[in-house]
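Read the structure below first, then the notes.
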Amino acid sequence: MKYIQEYRNPEIIKKILSEIKEEVKNYSGVINLMEVCGTHTMQIGKFGIRKLLPENINLLSGPGCPVCV
């Protein structure tokens, strides 16, 4: 998969996280994002993505994708 390696580059990840933090820094509410697929949930946990996001971004586990359910 051609584009997967780009997201394993720490410098690219730092830039993406910086942009996310900049976007939400003045937002006083909570942003809820639903991960639809159980595979998303597993990868978010495996790579510690939840811990990297700002505190006001809440990841919710969804109902599961139609293929998995």
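Here are the numbers for this structure:
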| quantity | calculated |
| --- | --- |
| Built amide H within the under 5 Å cut-off of Asn56, gap 5+ | none |
| Computed [θ] at 222 nm, deg cm²/dmol, the chain (DSSP H ≥ 4; -39,500 (n - 2.57); rounded to nearest 500) | -11500 deg cm²/dmol |
| Principal axis box of segment 5-61, alpha-carbon based, largest edge first, Å | 31, 28, 15 |
| Test item: Cα-centred dipole of segment 5-61, Lys/Arg +1 and Asp/Glu -1 on Cβ, debye | 200 |
| Given charges at Cβ of Lys, Arg, Asp, Glu: the chain dipole, positive-most of Ile57, Leu33, Val67 | Val67 |
| Phi-based couplings in Hz for segment 33-40 (Karplus 6.51, -1.76, 1.60; Gly and Pro marked x) | 10, 9, 8, 7, 9, x, 5, 4 |
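All of the numbers you see were taken from the coordinates with simple rules; none came from a lab. Predicted model only: the values in this text are computed from it and were never measured. Quick reminder, even Gly has a Cβ in these numbers, built from the backbone with ideal geometry, and neighbours come from all protein chains shown.
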